[in-house]
1. In nm, to one decimal, how far is the Arg278 label point from the Gln123 one, both placed 7 Å along Cα→Cβ?
2. Need the full-extension length gain, Ala41 to Thr83, defined as separation in residues times 0.36 nm minus the C-alpha distance. One decimal, nm.
3. Quick one: Tyr62, Tyr74, fewest Cβ neighbours within 10 Å first, how do they rank?
4. List the GluC sites (Glu not before Pro) within region 191-278 that fall in a DSSP loop (any state other than H, G, I, E or B) and whose Cβ has at most 15 other Cβ atoms within 10 Å.
5. What net charge do the residues around Val82 carry, taking every other residue with its C-beta under 14 Å from that of Val82, with Lys and Arg at +1 and Asp and Glu at -1?
6. Give the shape of region 210-363 as rounded, prolate or oblate, defined through the alpha-carbon gyration tensor: a ≥ b ≥ c are the square roots of its eigenvalues, a/c under 1.5 means rounded, and otherwise the shape is prolate if a/b is larger than b/c and oblate if not.
7. Relative contact order, percent, of the chain when contacts are C-alpha pairs under 8 Å separated by at least 6 residues?
8. Can you give me the relative contact order of region 49-186 as a percent, contacts being Cα pairs under 8 Å and 6 or more apart?
Amino acid sequence: MTTDVIPADLAPDLAAFIAGLPKCELHVHLEGTLSPSLKLALATRNNVELAEKTVAEVEATYQFDSLTSFLAVYYPAMNVLVTVDDFRDLALAYLTKAASQGVRHVEMFFDPQAHTGRGVPFQTVIRGYRRAIVEAQAQLGISAELIMCFLRDLSAEFAMATLLESLQYRDWIIGVGLDSDERDNPPSKFATVFARARAEGFLLTMHCDIDQVGSIENIRQAIEEIGVDRLDHGTNIVENPSLVEQVRKRGIGLTCCPFSNSFVTNDMKANEIVQLLRDGVKVTINSDDPAYFGGYVSENYSALAADAGLTAAEMLQLARNSFTASWLPAHVRDGYLAELDTYAAQHGVSTADRVNPIPRDVH
Ligand code: ADE
Ligand code: ZN
């Protein structure tokens, strides 16, 4: 897939500004960072028979135009992930790439049920990911946390069993999320699981994917019934001003993913993302499944800037939002915000140009 592509109509100085911008990534699925070359290498290492023998052949299978058709390619690819080393290598490759794009901190999803369901123990998955996090912090200076996602097209009982199994690794997981096929799988199906997760001290987020049947009702449930701390995608909220007002007032971050949107709906949703940003919602920009959607986090910033004609000040605001919507401890977050201000000053971007520097109801 194409990465590191700077859109032709993006000014080179803005592209450079984005590339070096200190930022967090808050919406990336570790299993969605499995590049074709790593997939082939792991298949060889684990004697997993694949129909595809070359990177080009793997890429040729990336034919999707909806969430469902993407997931049909995404899950079978995971069969090459078998050992602790495999999970470690996957996460370390992603963290290395993220660090090269100015990412200081990542909160990354993983899908344990996609592995335990095919016989790979929970501990194999989490030990591998944890090892990568510790190595990346030491070698690259990037910090990372894990968010455990439940697969919403499986039962609430399986999700609860997974939550209980995860408790022995409580310190290695910052929050829980909900992903996979949203159709007929609303947030309310998992209300008991998320209530237990909250009681165990996990932070809460969940996918409200783009243009789903019942998108607005699912967003409402996530905010009002589940009480999420963040919303993944959630861009359809723009259709409902009173929900927009709730997330704005409560400072609930939205983790938007322009490249992913282009694949699953044929529209980057730039207008909606920019409208929310300019309305003072804590919008953030992320890559979702970068190995499949053709770009990592900086490419997502660049594509949005090119498509919507955004300024450096708006890129700066998106990066600020990534820190203020993160689950970093306040003193660490504030250190990064100061670094961001220094970076902006060095590039002649005034922080006074920030979009909505102060929420409207705070004076
Ligand atoms: N799993 C991986 N990527 C996803 C997405 N964008 N939506 C729902 N589930 C996912
Ligand atoms: Zn996602």
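1. Computed distance between label sites Arg278 and Gln123 equals 5.5 nm.
2. Gain in length upon complete extension: 13.8 nm.
3. Tyr62, Tyr74
4. Glu200
5. Once all neighbours under 14 Å are counted, the net charge is 0.
6. Here region 210-363 falls in the oblate category.
7. Worked out over the chain, it gives 21 percent.
8. 25 percent
We did not get these values from a lab; they are worked out from the coordinates using the rules stated. The structure presented is a predicted model; accordingly, all values stated were derived computationally and were not measured. Positions of Cβ are generated from backbone atoms using ideal geometry, with glycine treated the same way; all protein chains shown enter the neighbour counts.
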